[in-house]
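Engineer: Have a look at this one before I ask anything.
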Amino acid sequence: MNFFVKLRDGLRKNVDQGRKKVLKDDRRLKSSRFNGRMAFSIAFWLVLFGVIFFTFQTWARTGFLNEKVNVYQDEATSQIASLNEIGFANSPAGETYANKFIEAYINIPNDEKQREERVKALQSFLAEGLNVGKLENLSEFQGKRVLKSASLYDVKDVNEDAGSYVFHIDYELFNVVEKKEQVEGEDEEKVTTADESLGRKEQMIVVRLGTDGNSFNVIEQPYYQDLPSETRLAAVQNQTDQAKKNVQAQDELKQFATQFFTSYTTNSIEEMSYLMENPESLKDHYEYKGLEDFVVYDGEKEGQYLVKTLVLLQEASTGLQTKHPFTLVVSKENNKFYVQELKHTLGG
């Protein structure tokens, strides 16, 4: 009996131990599965957030770059438009083309054959749809016209593919007259022609040119304008406060100015550096001949003087004397005068 009881208790004990072991292993498996799922979830969300973050960064950077590119493109377009306008307005090629057209247009020969050649030459300058017949009618003009000079005065109404060139022209008109001369030993008279000047004229002529970027054409009929009216501007005057005039220092500074301008016309630039801050020289070009309207004023600082004068300079090769305006800012250091600034004007 006791044997069976012990056997039963041993079996129960073994079953309980097995159950506990199974439960323990089951808990371990569940914990293992839980930890793996957690790691996978964390990795998944990290990758997802990383993709979203870098996608946003890429989008933001692309937008920033696009904005920058658009700004640069707008600036480039604006600069190109500006360059087109400025470049066309100052184009040597456009000026040369307009000048050649004016030469062909203003010069009108008397000879009929030469006039036909002129028409062909003029037509090569004109844009499609514009012909010489729309520019002039010479049927009543029996003389000739000769261009004396043409100089560019202005360029106006400029855009990227057209501009109006304004030239100041000087030309002479001639009337062709017949003269009869008696031929010695013959009863008949010989008829000859001669050019009789009708006088010279000065005018402004406006030539409208168009371009395709490679070449030019005259795109409208040229037209004339009166010469600009004469203007009378006031000459530059010495505006220095007369209360600052220093009569006491005038003699000493006049002596210095005489020595300075003598050196100015005989010394090299390197040598002039000992006498002035920004050295200049007229060596081998002019000779110093004297001073006029010499005035000394007190400078802005103590020990500083303002000298204004006209300097007589003579061309070394011709003997021609001209008067040049100068303003000198002079300082005195160690009992020696030194030119801190030189201006070629009396107004400064």
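Engineer: Which order do the peptides 279-287, 121-129 take when ranked by the mean count of other beta-carbon atoms within 10 Å per residue, highest first?
Structural biologist: By packing density, highest mean first, the sequence is 279-287, 121-129.
Engineer: Could you size up the charge dipole of the stretch 103-151 around its Cα centre, putting +1 on the beta carbon of Lys and Arg and -1 on that of Asp and Glu, and report it in debye to the nearest 20?
Structural biologist: Computed about the Cα centre, the dipole is about 140 debye.
Engineer: What is the packing order of peptides 138-148, 235-245, 96-106, taking the mean over residues of other C-beta atoms within 10 Å and listing the highest first?
Structural biologist: 96-106, 138-148, 235-245
Engineer: If you don't mind, another one. Given the options PHE326, TYR224, TYR305, identify the residue whose Cα lies farthest towards the positive end of the charge dipole of the stretch 215-348 (+1 on Cβ of Lys, Arg; -1 on Cβ of Asp, Glu).
Structural biologist: TYR305
Engineer: What is the distance, in nm, between label points placed 7 Å from the Cα along the Cα-to-Cβ direction at LEU233 and at TYR338?
Structural biologist: Reported label-point gap for LEU233 and TYR338 is 3.6 nm.
Engineer: Ranking request for peptides 216-226, 257-267: highest mean number of other beta-carbon atoms within 10 Å first, then the rest in descending order.
Structural biologist: 257-267, 216-226
Engineer: Rounded to the nearest 20 debye, what is the charge dipole size of the stretch 248-338 about its Cα centre when +1 sits on each Lys and Arg Cβ and -1 on each Asp and Glu Cβ?
Structural biologist: 140
Engineer: Right, something else. With θ taken as phi - 60° and the coefficients 6.51, -1.76 and 1.60, list the Karplus ³J(HN,Hα) couplings across the stretch 219-227 in order, rounded to whole Hz; mark glycine and proline as x.
Structural biologist: Whole-Hz 3J(HN,Hα) from phi for the stretch 219-227: 9, 8, 4, x, 9, 9, 9, 5, 5.
Engineer: Related question: Multiplying the sequence separation of ALA39 and SER124 by 0.36 nm and subtracting their Cα-Cα distance, what value in nm do you get?
Structural biologist: So the extension gain works out to 22.0 nm.
Engineer: Now, a different point. Give me the number: length gained by fully extending GLN242 to GLU277, i.e. 0.36 nm times residue separation minus the C-alpha to C-alpha distance, one decimal in nm.
Structural biologist: Additional length available on full extension: 10.0 nm.
Engineer: Here's something else I'd like to know. What nm distance separates the two modelled labels at LYS148 and GLN321, each placed 7 Å from Cα along Cα→Cβ?
Structural biologist: Taking the simple label geometry, LYS148 and GLN321 are separated by 3.4 nm.
Read the figures in this text as sums done on the coordinates, not as results from a lab. The structure presented is a predicted model; accordingly, all values stated were derived computationally and were not measured. Neighbour counts run over all protein chains shown; Cβ positions are idealised from the backbone, glycine included.
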